[in-house]
Structure formats: structure tokens, C-alpha cells
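The values are calculated or read from the model by the stated rules, or taken from the named source; none is laboratory data. Everything quoted here is computed from the prediction, not taken from an experiment. Positions of Cβ are backbone-derived with ideal geometry, glycine not excepted, and every protein chain shown enters the neighbour counts. Side chains are part of the model used for accessible areas, which takes the heavy atoms of the whole protein and leaves out ligands, DNA and RNA. Shrake-Rupley method; radii C 1.70, N 1.55, O 1.52, S 1.80 Å.
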Amino acid sequence: PNIWYRAQWMYGDARFYGVTLPGLPLPVAGSNERIAWGYTNVDADVADLILLDRDPGDDERYRAPDGWHTLHRWNETVKVRDAMPVDVGLARTVWGALLPDPLRDRRVALRWTALDSGGIDLNLLEMDRVSTLAEAVRTINRAGIPPQNVVLADDHGRIAWTYAGRLPSRSGYDGSVATSWADGRRG
């Protein structure tokens, strides 16, 4: 099945038209009759690999700046069409998901801005009532989405380009290589 669906929303005096993803209550790219917008992916570095410093006495524990933590583990059941469900074991650290394969013989966690608090939100719903290009750009800039280039146009023929999404605010390193964040000097 197609991942993109054409849709329209009408409530009060608001009108939204565009394409959306299953389950999302707003157009991802579209128009509100005054402003139109669309996206292209950004080739941005928004993820970090964090090497875990494991407790030699307990394989489930790792060190963070505030001390030792235990991996948070849980199971998810994935339903498979015409087959038996598959149980998948997952684990999370204070920084993000524990990846299934080691890196440089060490466990590694993934920190991705889209999974941070506020990294994804529904602030794009505010596009329903913007009427100027400046309002639209401000709304897009506040939206929590994976980083995207955004091109906008208004009903007077003016266009704009901006950037949407969250970028990491790194300290102590540039994110170019996997490293430990356990001592608090990097993050």
C-alpha cells in the first residue's frame, strides 16, 4: 500500500488539503487555500552513536554522568500477515535505543533528535490558519519534525525557503565518531 494519502480537512472556517501519512491528523505537504508548502529531505547529522561503558559485574548496567543505570528492557509483538506474530526484545538507555549489534566490541545507544522530547509534535496543525508567508515560516520553524527543507508559496505568488526540524546541540565533540558520554564531558 501507498504510504502517502491525499486528504482534506474542513472544520470551522479552516480548510486543509494535501497529502498525509497513515494516522497523522494533518497534511504533511499541502495548502490551506492561502499558503502551500512541501518538503524535501535534509542531509543533516541528527543522530549520535554513544558507546556504553558497561559495569564489569553486571552486563545490564552502564555508566552515565549521574551514575550507574540499568537497561530498560521490554518486548514488542509484531503481527505478521499470514504468519505467526514475532516477539522482539528491545532495550533503551537514558540516551536512546540500545542498538542490536555492538560497535568496536561495545554496546552502543542511538541518540536521534526526532526521539527527543519535543522532537516530534503536532505544531504543524497551526498551518490551518496562517495567512501570510511570514506566519507560515515561523510556524514551520517551531514544528517538531525530522529535519526537512521546506518551500512555501502564498496566494500572491511569493515564495520562501526555510528549514524545519530539530538539530542536535552537541557539547565536547562534533558527533563525527561514536564515543562514550559516561563522564559528562560530551553530549
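Output yes when any residue across region 91-104 is within 30 Å of residue 141 (Cβ to Cβ), assigned to a loop (DSSP other than H, G, I, E, B) and open to solvent by 60 Å² or more (accessible area, probe 1.4 Å), and no when none is.
yes
Of the numbered conditions (1) in a strand (DSSP E or B); (2) open to solvent by 40 Å² or more (accessible area, probe 1.4 Å); (3) under 30 Å from residue 139 (Cβ atoms); (4) touching a residue at least 60 places away in the same chain (Cβ under 8 Å), residue 6 satisfies every one except a single condition; which is it?
Among (1) in a strand (DSSP E or B); (2) open to solvent by 40 Å² or more (accessible area, probe 1.4 Å); (3) under 30 Å from residue 139 (Cβ atoms); (4) touching a residue at least 60 places away in the same chain (Cβ under 8 Å), residue 6 violates only (4).
Quick test for you: out of 75, 32, 41, pick the one residue that is open to solvent by less than 60 Å² (accessible area, probe 1.4 Å) and of a type in the set (S, T, N, Q).
32
Does residue 73 count as among the basic types (Lys, Arg), modelled with pLDDT of 95 or more and within 20 Å of residue 187 (Cα to Cα)?
Answer is no for this residue.
Failed condition for residue 155, given (1) at positive phi; (2) open to solvent by 60 Å² or more (accessible area, probe 1.4 Å), with all others met?
The single condition residue 155 does not satisfy is (1).
List the strands (runs of 3 or more DSSP E) inside region 20-75, counting only whole elements, that have at least 1 residues being within 21 Å of the chain's Cα centre (by Cα).
29-31, 35-41, 47-51
Quick one: count up the residues across region 1-13 that are under 17 Å from residue 127 (Cα atoms) and at pLDDT below 90.
1
Is there any pair with a first residue in region 126-151 that is more than 14 Å from residue 42 (Cα to Cα) and a second that is β-branched (Val, Ile, Thr) and open to solvent by 60 Å² or more (accessible area, probe 1.4 Å) whose Cβ atoms are under 6 Å apart and which are 6 or more apart or on different chains, and what are they?
Correct list of pairs: 144/120.
A quick yes/no check of all residues on (1) open to solvent by less than 40 Å² (accessible area, probe 1.4 Å); (2) within 21 Å of residue 180 (Cα to Cα):
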residue	(1), (2)
22	no, no
60	no, yes
71	yes, yes
87	no, no
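Among the residues of region 45-56, are any in contact (Cβ under 8 Å) with a residue 40 or more places away in the chain, of a type in the set (Lys, Arg) and within 30 Å of residue 161 (Cβ to Cβ)?
Looking through region 45-56, none of the residues is in contact (Cβ under 8 Å) with a residue 40 or more places away in the chain, of a type in the set (Lys, Arg) and within 30 Å of residue 161 (Cβ to Cβ).
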